[in-house]
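Visitor: My questions all concern the structure below.
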Amino acid sequence: MPFPIRSSVSAVALVGAIACISTSAAAQQCGQTYLIQPGDTLSKIAATVYNDPGSFQIIYSANSNTIGPNPGLITVGMPLEIPCLGDVTESTAAAFRPEPTVEQLPAPDLDQIRIVQGTGWAPFSDEDQEQGGMLTEIANVAMTNAAESTPYKIDFVNDWGAHLSPLVTDHAYDFSLGWFKPNCEQIARLGEDSQFRCNNFDWSEPMFEQVFGYYNRASEPALTSYADMLGKTICRPAGYATFQLEENDLKEPNITLARPNDVNECFTGLANGTYDAVALAVDTADGAMVETATKDAVRYNENLSQVLTLHAVIAKNHPQGQEMLAEFNSGLNAIKETGQWFEIVRRHLTEHRAKTQG
């Protein structure tokens, strides 16, 4: 079965310099260590510092080791580093070089690591961005900093459904980027798709930790636990993984799961009463609420937020899988240690937030 290759990227070096934003609140906290006060949430801190509560993901990304896996659970006295935004220096990443669509994928090249990526998932993977999105750039820079120096190539194949199978399982590509890792220790509670991921793929170190949340109508009581959604209709767009819900017993028949094709439909349906809740990553949700003008009608329940890790995956039966995975991880860990990783994350999140604040 042929799959069109859209474009590829080559190795880059990243240089970043970040300046503080200029509001008076930011002057007090931006670039400083802040001690959590009673009543604080990451959203409240982001609203004070950045005038945008949705930018709490940036604060979380800078402090994930301190905060832990639930950004809704911060404790009084916890020290947090508050990153500065503002004049973000442009990436030095090489521009994409468009390639002609081909009828058929070439045979695997054992002397080159081949990475497949998709598009239309800003800010993580987007062919229209010069660097191909955050995860594409992270992979690109990580490979240039890996312990080994194996040549590599990143292609955009814009059929997400084909990435894991057959492209990675059949070794036409070695890695695919941007997959959430289910809690495979609870595999019996997971659906068929999540079990397939657990049983057939090895996972890189986390490329990014994304905050996932639940939304309900602002006119109704806040959701205080997952049990509050039992018996309700939860909207989760078609094609999006559902293990996040399954791990908390939010699966049929405990709930009714609505699966529209359009993310925006989840929020219009929530606002008009068709759905009782929406389950979605906050970055995606913020953009959808702006497009549907539903921000004022919807509540984000920060206490139920979860952190989901995004990874590169390689087939367990890949003959060079462990060697390639070790090489990828060495580069990823290297750019985390030097701070390059966070500079990439901060730039992409800042640019994305500017487009989705509304």
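Visitor: State the answer as a single residue: which of Ala288, Asn333, Thr274 lies farthest towards the positive end of the charge dipole of region 256-336, with beta carbon charges of +1 for Lys and Arg and -1 for Asp and Glu, about the Cα centre.
Guide: It is Asn333.
Visitor: With every protein chain present, what is the per residue accessible area of region 209-358 (1.4 Å probe, Å²)?
Guide: 39 Å²
Visitor: Do any of Lys44/Lys355; Lys153/Lys336; Lys181/Lys316; Lys251/Lys336; Lys153/Lys355; Lys295/Lys336 go past 26 Å between their Cα atoms, and which?
Guide: Check vs 26 Å cut-off fails for Lys251/Lys336; Lys153/Lys355; Lys295/Lys336.
Visitor: Along the Cα→Cβ direction, 7 angstrom out, place labels at Ser165 and Glu323. What is the inter-label distance in nm?
Guide: Computed distance between label sites Ser165 and Glu323 equals 2.8 nm.
Visitor: Starting from the Cα of Asp202, step 7 Å along the direction of its Cβ; do the same at Ala222; then give the gap between the two resulting points in nm.
Guide: Here the answer is 4.4 nm between the modelled labels.
Visitor: Further question: Could you compute the FRET efficiency for Asp193 and Leu73, with r as their C-beta to C-beta distance and R0 at 30 Å, rounded to 0.05?
Guide: With R0 = 30 Å, the Cβ-Cβ based efficiency is 0.55.
Visitor: Could you sort 197-203, 185-191, 236-242 so that the peptide with the highest average Cβ count within 10 Å comes first and the rest follow in order? Provide the component values of the computation, followed by the final result.
Guide: Details: 197-203: 17.7, 185-191: 13.3, 236-242: 16.1.
My ranking of the peptides, most packed first, is 197-203, 236-242, 185-191.
Visitor: Here is a follow-up. Return the carbon/sulfur percentage of the accessible area of region 198-280, one whole number, probe 1.4 Å, all protein chains in place.
Guide: Values: 1400 of 3240 Å².
Carbon with sulfur: 43 percent of the solvent-accessible area.
The values are calculated or read from the model by the stated rules, or taken from the named source; none is laboratory data. Source: prediction; values computed, not measured. Virtual Cβ from ideal backbone geometry, glycine too; neighbours counted across all protein chains shown. Surface accessibility is based on the protein's heavy atoms, side chains included, excluding ligands, DNA and RNA. Shrake-Rupley method; radii C 1.70, N 1.55, O 1.52, S 1.80 Å.
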